[in-house]
1. Name the pairs: first residue in the stretch 412-428 and within 13 Å of N332 (Cα to Cα), second residue of a type in the set (D, E, K, R) and surrounded by 22 or more Cβ atoms within 10 Å (Cβ to Cβ), Cβ to Cβ under 7 Å, at least 6 apart or on different chains?
2. How do the pairs read when you match residues in the stretch 529-540 that are farther than 12 Å from G389 by Cα with residues anywhere that are hydrophobic (A, V, I, L, M, F, W, C), using Cβ under 7 Å and keeping only pairs 6 or more apart or on different chains?
3. So which residues in the stretch 635-656 are out of contact with any strand residue (DSSP E or B) (no Cβ under 8 Å at 6 or more places or on another chain) and surrounded by fewer than 21 Cβ atoms within 10 Å (Cβ to Cβ), if there are any at all?
4. Might you check whether a residue that is in contact with a Ser or Thr (Cβ under 6 Å, 6 or more places away or on another chain) and surrounded by 14 or more Cβ atoms within 10 Å (Cβ to Cβ) occurs anywhere in the stretch 495-504?
5. Across the stretch 157-203, what is the number of residues that are in contact with a Pro (Cβ under 7 Å, 6 or more places away or on another chain) and in a loop (DSSP other than H, G, I, E, B)?
6. Determine which member of the set V264, V245 is assigned to a helix (DSSP H, G or I) and over 29 Å from A738 (Cα atoms).
7. Looking only at the stretch 268-303, which residues are out of contact with any helix residue (DSSP H, G or I) (no Cβ under 8 Å at 6 or more places or on another chain) and either without any contact (Cβ under 8 Å) to a residue 24 or more places away in the chain or open to solvent by 10 Å² or more (accessible area, probe 1.4 Å) (or both)?
8. Considering only residues that are more than 22 Å from the chain's Cα centre (by Cα) and assigned to a strand (DSSP E or B), which ones fall in the stretch 666-707?
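The values are calculated or read from the model by the stated rules, or taken from the named source; none is laboratory data. Since this is a predicted model, take the numbers as computed values, not measurements. Heads up, the Cβs are rebuilt from the backbone with ideal geometry, glycines too, and the neighbour counts pull from every protein chain shown. Side chains included, ligands, DNA and RNA excluded: accessible areas come from the protein's heavy atoms. Shrake-Rupley method; radii C 1.70, N 1.55, O 1.52, S 1.80 Å.
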Amino acid sequence: FAHHHNLHTRTPSRCNQYDAVTGLDTAVSAPRSAMDMSGLGLSQEHKAAELAVRVACFFVTGLSRCASFLHSLFGDVAFEALIASVLFGSSGFLYFWSKSKGPLKKGIARLLAVGFIVLGLAVSVLDGDGSHNPVGYQVLSPSDPIPSMPPLLREGEGLKTDGPWFKDRDGRVLLLRGVNLAGTAKIPTVPDGSTYINDPAFWTDHRNVSFVGRPFPLEEADEHLSRLRAWGLTFLRFLVTWEAVEHAGPGLYDMEYVEYLVAVVRKAHEYGIVVFIDPHQDVWSRWTGGDGCPGWVMEKVGFNLTALEASGAAVTHQAHGDPLPKMIWGSNNWRLATATMFTLFFAGDEYAPKTMIDGKPVQQFLQDTYISAMMVIANAMKDEPNVVGFDTLNEPNHGWVGRKHLASCTDGLAFRWGWNFSPWDQIRVGSGYGPEGGLPVDLYNPPFVFQRTDVINPERVSAWRSDGPGCVWRQNGVWDVDEATGEAILLKPAHLWLDESVKGNYVDAFVVPFWRKFETSLRATMTNQPAGSPAIVFAEPPIDFSDPSSHPIPTMGVEGNDRSGPPLTNYVYAPHWYEIVILLTKSFRSWIGLGEYEWDWTLSRFTGLPKPLGVVGPLLGRQACIGGYAATVKHLRHVGDSMDDGRGVPTLIGETGIPFDLDGKKGFRTNDLSTHVTALDNVMQAMDYALVSFTLWNYTPQNTNERGDLWNDEDLSLYSTDQKDPNSDDPIYNGGRALAAAVRPYARKISGVPLAMHFDVDSRVFTFTYETGLNPDAPTELFVPQYQYPEGLTVIFKKNLPMELFAFRSIRNRPSRHLRLFVLISNFMNH
């Protein structure tokens, strides 16, 4: 208004006059004599009009911001109610403010106050679900037939990728939701591999084990798979380990275990569940504090498994005993044994060219042996219609590649965590050349929090086999022993430095070639996939502990951005994301977190620069936490969207979730998991906002409150035997944890492009917005769980151009468990 009438001009010679009859703006001249040239150069009438315009503009422009602020404080209250509240509050403010003003200002203010009241009343009529102007209305009670969820993939149908989306054969976008099955797949059934058990055979008889029965005995398959299907988690990340397949020795594959895996996959197919295989590892092997690699492989490299703990090369739950410091197993990533193995696996040709195994360069030996073992499983699965592909390798890391100086404790690490000593100290101490009496090392746990000082390797034990070539780093000239003093000396402190200006980033230089090698073997093995849907490669990036917020975009070996290279076929970017504060501290406060900031620090809309990604910091307030988590996940999705020379590939978050042993297992003692519902809901909301597919970590059938997932005192399972009520005959939800957050509505097949999705746990309101497609034979499918709406629901159909609205909602006086679901369908085809 002010702009069109030039009221912001001090002495205008022309102004626009609105013709109330024609509805047009007409330009007329305004002689200067008609203006009051004193003061602001405006007459009293103009000053009054300007004041009215300024006040109106102030409230109108601030209305949405005020409502958004209230929305962040109070959560998912109906947006219309918040706007009405702002309007009513503004009218009250104007009324009381005008009492001390002159007649003119008082009149204008009260006129505006009345206007705000009228607007508030009008807005308050809108109840947020568009119950006005309904074009259809239906009540569904529990007795009404509601279609059961069809299989994720139909007979003969493959899963394919198209740019940043998964799609079915009808071109519908698929948002995949599932779970990792299972946490105990990392450890053998015979003998019991639970990490709190320190069995002497663990160290010496590692070839005679069996993983048959992981994740569960076949006779229990129906119980667990029917539960996951009812929970809507129909896309499984199915864990296997290299050790489980090839524990007995080179080329000696456990075919009984492979046949068992096939039997489980076929059971999953009966329940319409789709599977991709996850070759799992954590910090390389069970003897280095995690799981994955067979023991004999480390012996081939030269490690003495029985000496790893004593030499300081690794820390294990078995040798350390209870209580194990929270999540301390992860600090093995930069200990001697794990860091060495990952450096050799990805970059041995570059940094350890003198190390040979069975006549092969160590990198070639490790990668070829690992891929061959995984292809044994792939060959067994090639005819299974619900197996769509393989992850490349769970949570790989850089090893020590990129360390500028091997004698630095902090170089290459963004934080102090675990026992804090440099790679060089680990090399010399782990080789038995540490100081007499051992090396004093500070322990930090959680990160940055000093706990104590421990002495490492006082007995000067060597981590290397006496009958082997010894330390691979000495073999490659990184260090040697001074003949005169008998002390270890560092010869090449910058040996593992990665000059990115020469070699490019770590992912492109070392990980992408491994992905391509794995892809070639996988596609040559799984040849029976449906036409147009070759086996999917779920490419998992490494963890960069020097900068966890850094997510470089893999070039996949194609130079430039001209899209001249062949497009990637059925590739998926599959990173992991956890809220790191909750995960490492096992403590949750809804009002504080750590994540990326949603707002723009560089004011890119003013500078023209692109908004930066990866600006990480503390988040205060629950809504800020959820927004920060969503921004972090969107950053990961941005990497997938940018791959393949900008064509994009789908992003699937392979792991996310929360620990259930929060705050010293308080929830188990009080039988109150409401805190866990809030914590998991924060994670799920972030996934919804980012519109990514994901598989939660995890579902462990053997979980107990005392021992969690039976591995390194982790407890992240959505199911526990200790949460089962013995008096309940419910086979589906009994034993579930935080299901109010985990079992939620979502759009699983979208005939169009998804734009936004959100579910409120308290009100049980689900909203979904998407751009509609044009295929009437391929409807959009929503998963609506009975768990959330056991009393039935009311369905309202509406139409409001240019938007079409399809809504499920509850009548206000119905029980709170009724569904109040909005699905906004943006019909952009009309534009």
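1. As it stands, the answer is P423/R403; Q426/R335, since those pairs meet every condition given.
2. E540/L393; E540/A574
3. H638, S642, D645, G646, R647 - these are the residues of the stretch 635-656 that are out of contact with any strand residue (DSSP E or B) (no Cβ under 8 Å at 6 or more places or on another chain) and surrounded by fewer than 21 Cβ atoms within 10 Å (Cβ to Cβ).
4. No, there is no match, as no residue in the stretch 495-504 is in contact with a Ser or Thr (Cβ under 6 Å, 6 or more places away or on another chain) and surrounded by 14 or more Cβ atoms within 10 Å (Cβ to Cβ).
5. 6
6. None of the others qualify; the one that does is V245.
7. Once the filter is applied, which keeps residues that are out of contact with any helix residue (DSSP H, G or I) (no Cβ under 8 Å at 6 or more places or on another chain) and either without any contact (Cβ under 8 Å) to a residue 24 or more places away in the chain or open to solvent by 10 Å² or more (accessible area, probe 1.4 Å) (or both), the stretch 268-303 yields only H269.
8. T704, the sole residue that qualifies.
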